[in-house]
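All remarks here apply to the structure that follows.
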There are 4 protein chains.
Amino acid sequence: MDGFSFSTDVRVRFAETDAQGIAHHASFVVWLEVARIAYLETFAGGYEAIRERGIEALTTEVHLRYLRAAGFDDVLTIWTRCTDLRGARFRYEYAIERGGELVADGYTAHAAVDRETYRPTRVPAWLADAIARAEGRA
Amino acid sequence: MDGFSFSTDVRVRFAETDAQGIAHHASFVVWLEVARIAYLETFAGGYEAIRERGIEALTTEVHLRYLRAAGFDDVLTIWTRCTDLRGARFRYEYAIERGGELVADGYTAHAAVDRETYRPTRVPAWLADAIARAEGRA
Amino acid sequence: MDGFSFSTDVRVRFAETDAQGIAHHASFVVWLEVARIAYLETFAGGYEAIRERGIEALTTEVHLRYLRAAGFDDVLTIWTRCTDLRGARFRYEYAIERGGELVADGYTAHAAVDRETYRPTRVPAWLADAIARAEGRA
Amino acid sequence: MDGFSFSTDVRVRFAETDAQGIAHHASFVVWLEVARIAYLETFAGGYEAIRERGIEALTTEVHLRYLRAAGFDDVLTIWTRCTDLRGARFRYEYAIERGGELVADGYTAHAAVDRETYRPTRVPAWLADAIARAEGRA
């Protein structure tokens with residue numbers, strides 16, 4: 001997908017469907033997190049590595065547009081990119097695709113905080129660099 | 001809360017927390033739905049009544065801003081209003097409060113569809129009227 | 001319900017249903033936890049009070065029999081009792097009822113552990129006494 | 001693992017953890033379903049194929065023993081076998097393993113029902129045969 005260089009796949013679980021017969025809209029929020037964690041694993045040594053260095057990433061905003069229904073057992077490709085890293089803050093943008101069709105898109109915003117104090121803390125240089133490299137800006 | 005006349009309470013379940021020790025951000029999306037259903041029960045005879053009349057309401061957009069963490073067993077008040085009802089489309093706006101503090105806010109957008117064809121269908125007059133009365137515009 | 005003196009109600013959320021049009025069977029596991037927490041709040045000062053005293057309760061076993069389907073918006077009464085408290089271990093038994101009909105029943109087993117070491121630790125006397133009183137055995 | 005010939009892997013999602021810092025015990029119930037669906041895909045053309053032939057499989061019982069905690073991002077191998085197929089009823093047995101250690105085990109019981117009437121219906125011969133072949137009994 002244009003403008004994205006990373007994707008991860010999820011398969012819709014039966015438990016993620018609802019009585020409308022489709023994937024419940026809250027399931028997408030979980031999948032975005034799955035995609036972020038896959039992204040960090042690929043480019044930055046994993047989310048656990050970040051937590052072990054004393055940083056926690058809070059989610060401060062979620063936005064999703066649902067364009068098509070997703071059904072049980074559908075394989076969805078979640079295109080993911082990290083943008084707007086500045087100080088303690090950063091964003092992810094997503095395009096969720098199934099067989100070439102856009103199913104949903106959205107973004108999430110995050111703040112890095114110190115794991116002990118939960119105070120905002122600058123994203124460390126090693127992580128900012130890893131993300132910049134991933135996004136082809138370094 | 002200013003501008004809202006309806007609220008419903010949820011209590012954060014242990015299953016809704018995550019390893020950060022706080023309510024997982026996807027849980028809020030479920031609570032907004034709980035609030036919408038309580039709203040429809042109070043003002044429009046319940047969501048099941050709407051479904052039984054052949055209408056399904058799809059969620060087409062979710063937006064949430066997380067301002068403070070919510071913890072296990074916290075009681076959250078979800079202020080809810082229905083806005084911008086036009087044709088097949090309508091929105092809900094939310095303010096999630098705990099003890100006078102704003103914890104999160106957001107909106108969701110929806111489309112009424114025919115339950116058989118899943119084609120957009122005008123929100124029926126009886127439902128539009130019920131919502132207008134609830135929001136003091138009728 | 002015979003043999004139970006405590007119950008708590010849950011209402012089936014739309015997010016808890018699945019594409020079979022009924023409450024997903026994993027939702028019941030969450031409701032049992034909601035019932036345990038309500039039980040502890042009523043009889044033992046709440047689960048947070050227990051955690052604050054340095055004890056965590058792990059779930060070591062879950063058993064559920066599903067006798068009837070539960071639907072969206074159904075109000076379920078979860079009859080709950082605490083049994084077999086011995087050393088670090090205790091059990092809960094449940095009967096889930098809707099309008100006089102048994103929908104499901106089951107039990108869960110638990111171990112009290114030290115919150116720091118996660119080693120099994122005797123259920124403290126004050127909590128064992130509170131439970132014995134609740135169950136009419138003290 | 002002894003006595004099992006099929007397994008599927010899941011990776012613990014952050015949303016599946018709770019404030020004890022470990023995977024919530026209800027998450028395991030969802031993973032068992034993921035394993036059943038992978039099993040049916042491998043041996044019987046997928047769960048959707050079964051539903052399309054007019055059969056729904058209800059879960060009538062769940063039993064899980066939790067022996068070790070599972071943490072965020074752990075990869076768990078779910079060994080799965082189908083047993084005791086008789087008439088409309090069958091069971092699955094599971095062993096959940098991580099790096100050679102048993103994390104949990106359990107079983108689920110199921111009933112095949114007609115998709116329209118929700119009445120119990122004999123598991124069709126083609127499906128019973130597929131399962132018997134999978135389990136090396138045909």
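Tell me the residue from B:85, B:76 that is of a type in the set (A, V, I, L, M), more than 14 Å from chain A (Cβ to nearest Cβ) and out of contact with any Asp or Glu (no Cβ under 8 Å at 6 or more places or on another chain), please. Steps first, answer last, please.
Numbers: B:76 fails: out of contact with any Asp or Glu (no Cβ under 8 Å at 6 or more places or on another chain).
It is B:85.
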Hey, does segment A:13-22 have a residue that's part of a strand (DSSP E or B) and out of contact with any Phe, Trp or Tyr (no Cβ under 8 Å at 6 or more places or on another chain)? no
The lone condition residue B:125 fails out of (1) surrounded by fewer than 16 Cβ atoms within 10 Å (Cβ to Cβ); (2) within 14 Å of another protein chain (Cβ to nearest Cβ) is (2)
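Mind checking whether some residue in segment D:47-61 is in a loop (DSSP other than H, G, I, E, B), within 22 Å of residue A:13 (Cα to Cα) and in contact (Cβ under 8 Å) with a residue 60 or more places away in the chain? Working first, answer last.
First, the residues of segment D:47-61 that are in a loop (DSSP other than H, G, I, E, B): D:53-54.
Among the residues that remain, those that are also within 22 Å of residue A:13 (Cα to Cα) are: D:53-54.
Cutting the leftovers down to in contact (Cβ under 8 Å) with a residue 60 or more places away in the chain gives us D:53-54.
Yes, segment D:47-61 contains at least one residue that is in a loop (DSSP other than H, G, I, E, B), within 22 Å of residue A:13 (Cα to Cα) and in contact (Cβ under 8 Å) with a residue 60 or more places away in the chain.
Would you point out which residue out of A:114, A:73, A:105 is at pLDDT below 95 and charged (D, E, K, R)? Give the derivation first.
On the way: A:73 fails: at pLDDT below 95; A:105 fails: at pLDDT below 95.
After applying the criteria, what remains is A:114.
Residues being within 14 Å of chain D (Cβ to nearest Cβ) and at pLDDT 95 or above: count how many of those fall in segment B:21-54. Talk me through it step by step, then tell me what you get.
From segment B:21-54, those within 14 Å of chain D (Cβ to nearest Cβ) are B:21-30; that's our starting set.
From the residues that got through so far, the ones that are at pLDDT 95 or above too are B:22-30.
Residues meeting the conditions: 9.
Please pick out the residue among D:68, D:36, D:51, D:11 that is basic (Lys, Arg) and surrounded by 19 or more Cβ atoms within 10 Å (Cβ to Cβ).
Details: D:68 fails: surrounded by 19 or more Cβ atoms within 10 Å (Cβ to Cβ); D:51 fails: surrounded by 19 or more Cβ atoms within 10 Å (Cβ to Cβ); D:11 fails: surrounded by 19 or more Cβ atoms within 10 Å (Cβ to Cβ).
Residue meeting the stated conditions: D:36.
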Quick one: how many residues across segment C:29-66 are charged (D, E, K, R) and under 15 Å from residue C:110 (Cα atoms)? 5
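Would you mention how many residues in segment B:109-138 are in contact with a helix residue (DSSP H, G or I) (Cβ under 6 Å, 6 or more places away or on another chain) and more than 25 Å from residue B:6 (Cα to Cα)? Before the answer, list the steps.
Residues of segment B:109-138 that are in contact with a helix residue (DSSP H, G or I) (Cβ under 6 Å, 6 or more places away or on another chain), as a first pass: B:127, B:130, B:134, B:138.
Now narrow it down to the ones that are more than 25 Å from residue B:6 (Cα to Cα): none.
The total comes to 0.
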Considering every residue within segment A:55-73, establish whether at least one is touching a Gly at 6+ places or on another chain (Cβ under 6 Å) and of a type in the set (A, V, I, L, M, F, W, C). yes
Spot the failing condition for residue A:39; the list is (1) without any contact (Cβ under 8 Å) to a residue 60 or more places away in the chain; (2) assigned to a helix (DSSP H, G or I), and only one is missed. (1)
Pairs needed: first member in segment A:3-19, more than 10 Å from every other protein chain (Cβ to nearest Cβ); second member anywhere, among the aliphatic types (A, V, I, L, M) and surrounded by fewer than 16 Cβ atoms within 10 Å (Cβ to Cβ); C-beta distance under 7 Å; at least 6 residues apart or different chains. A:9/A:75
Going through segment A:56-73 one residue at a time, which ones are within 7 Å of chain B (Cβ to nearest Cβ) and farther than 20 Å from residue B:21 by Cβ? A:61, A:63, A:64, A:65, A:66
Residue C:89 passes all but one of (1) buried (at least 19 other Cβ atoms within 10 Å of the Cβ); (2) within 15 Å of the chain's Cα centre (by Cα); which number fails? (1)
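The values are calculated or read from the model by the stated rules, or taken from the named source; none is laboratory data. All values derive from a computational prediction rather than experimental measurement. Ideal geometry is used to build each Cβ from the backbone, glycine not excepted, and the neighbour counts take in all protein chains shown.
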